[in-house]
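Here the structure is laid out as structure tokens; the discussion comes afterwards.
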Amino acid sequence: MNKITSINGTLIASLNELNEHVENGTAHVTEEERTAWNNQTTVKAKGILIATQEDLDEHTGNKAIHVTEDERAAWNAKADAAALSAKADASSFNVHKDDAVVHITAKERETWNGKQDKLTDEAGNMTLDGGLTAQGGTFSDAVNANGGINIPLAAGAATNTAAVNRIHAAGLAAVAETYNLQIYLDAAITTTTNNAAVTERVSGQLMRVTVPARQSSSVNMGLDHSLIGRANYSKFGGFTLPVRMSAYKATIKITLGMGDGQVSVRTDRDVDDYTRVHTSAEHFGEVLDVTISDTRDSESRGYWVRVREIYYSRSAGRKFVKTTRALLPLDGNTAVPASISGLVYHQYRDGGWDTDNYGTLWLMTGGYDNRCCIRIANVRGIHTYNSVGFNACHLDIYNSTNATTVDIGAPRIMQRYMDGYNPAYYGFSAIEYNAIKSETIEDFIDPDTQDQA
């Protein structure tokens, strides 16, 4: 049968549909739900709770749950928890604050700020504004005392620096003079060759040898050693030989006999030959010859000097010759040989069979150049057994043009008077200019015999 679904155009539901709707608990509100909802103070809009004005006013007026600007500023200034974990508590801080060992006072700060800065510079040098007092010290290098050294004297003499320096210098000069012994020249036993003339200008002190023009001559100087004390040994430390040539165009070879040993003396030999040669198999002595040329080497800017040292080596069982070449850095204002005024030899202590570099040979020069003490050779140093040390002197003068005169002064021998040492060696070493350029050592071959001596 047909259902009636509308009356006068109005839709109507069936009884069953009406009952289903009435019994729908989801779509309808109960009394309890209505009461609960009516008692709520908030409502939602689109799922968001909305407070009433009363609730909002109550919340904004609650000062306990809100932060003021002053509170925010104060709390932001406080340390956070991580920083607080590294802080000390008050008791620990007070203990540290009162610790006088780890803290300095204002007085200590003032004192320390007034103290000397770092004592040494980058090079390790030290400069002090005040004085230095010490019980002792050891120095591995030279000590410069530009202001002098104060040396108290037990005798009660003045102890200020200037006075002490003068007293000691004068005293040491007197000591050195006392031990600087004279060798005298003996014209009666001086010999020459080729008509060279010997004039005794001051008896025992000064002789002149004149060599004719375009002639050469060998001169054997007569030496008187009477005042040199010795027994089996002497205290020889060195010598000074004043010698000067008056001409420029000449070459001179000075041969020195040093120490003990039998020798052969040869005259009128070529400049490269030997004037004095030891003939004994073993000997402590040696021969030094010094050749000084008048020719200036323009390329090297100086004058060459050759020194030959002939000696016997006991360990090798034969003789050697050591040749040293030195360059005198002089010009025409200090021309050679005219500017040379002497030859100086010193060894700092007694030598032996095979000692080395105990002695030094220097030239003294005049003229314009200030390098007036010139080292020309390092030598072995002789043993003074059975010898006065400086035994003989020979001159070979090679004259190329005009006549040449050579003036020779009396030599002086310095004794080793300070516990066997010769202080003059150190004095000359302190003022020297070292002109040595080369040193060579070879077997010595006697040119007369062509044998190894």
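The values are calculated or read from the model by the stated rules, or taken from the named source; none is laboratory data. Just so it is clear, the structure is predicted and the values come from calculations on it, not from any experiment. Counting neighbours? That spans all protein chains shown, and the Cβs are built from the backbone with ideal geometry, glycine included. We work out accessible area using only protein heavy atoms, side chains counted, and drop any ligands, DNA or RNA first. Shrake-Rupley method; radii C 1.70, N 1.55, O 1.52, S 1.80 Å.
Heavy-atom accessible area per residue, the chain, 1.4 Å probe: how many Å²?
Spelled out: the 1.4 Å probe surface of the chain, per residue, equals 62 Å².
Could you tell me how many degrees, from 0 to 90 and to the nearest 10, lie between the Cα long axis of helix 161-178 and the main elongation axis, the longest principal axis, of the Cα atoms of the chain?
Approximately 30 degrees, to the nearest 10.
Treating cross-link reach as a plain straight distance, find the aspartates and glutamates whose alpha-carbon is under 19 Å from the alpha-carbon of residue 115, omitting any fewer than eight places away in the same chain.
Within the straight-line limit of under 19 Å, residue 115 reaches these aspartates and glutamates: 129.
Take the alpha carbon gyration tensor of region 299-453, find the square roots of its eigenvalues, order them as a ≥ b ≥ c, and report rounded if a/c is under 1.5; if not, report prolate when a/b exceeds b/c, else oblate.
oblate
Given the peptides 265-273, 121-129, arrange them by the average over their residues of other C-beta atoms within 10 Å, most packed first.
Output ranking for 265-273, 121-129: 265-273, 121-129.
Quick one: which of 184-193, 346-355, 378-387 comes out on top by average Cβ neighbours within 10 Å, and what's the full order, highest first?
378-387, 346-355, 184-193
Computed FRET efficiency, Cβ-Cβ of residue 31 and residue 77, R0 60 Å: what is it to the nearest 0.05?
0.55
What does the helix-only formula give at 222 nm for the chain: each DSSP H stretch with n ≥ 4 adding -39500 (n - 2.57), the total divided by the residues, and the result rounded to the nearest 500 deg cm²/dmol?
Result for the chain, helices only: -5000 deg cm²/dmol.
Of the listed peptides 217-227, 417-427, 95-105, what is their order by residue-averaged count of other C-beta atoms within 10 Å, with the highest listed first?
217-227, 417-427, 95-105
Taking all protein chains as present, what is the carbon and sulfur share of the accessible area of the chain, in % to the nearest whole number, probe 1.4 Å?
On the chain, the fraction of accessible area on carbon and sulfur atoms equals 50 percent.
Structure shown: which of 235/322; 253/319; 322/437; 97/118 lie over 23 Å apart, alpha-carbon to alpha-carbon?
Flagged as over cut-off: 235/322; 97/118.
Note the direction-averaged projected area, equal to a quarter of the hull surface, for the Cα convex hull of the chain, in nm².
If you wrap the Cα atoms of the chain in a convex hull and average its projections, you get 67.0 nm².
Which of 395, 67, 326 sits closest to the plus end of the dipole of the chain, meaning its Cα is farthest towards the positive end, when Lys and Arg get +1 and Asp and Glu get -1 on the C-beta?
In the chain, that residue is 395.
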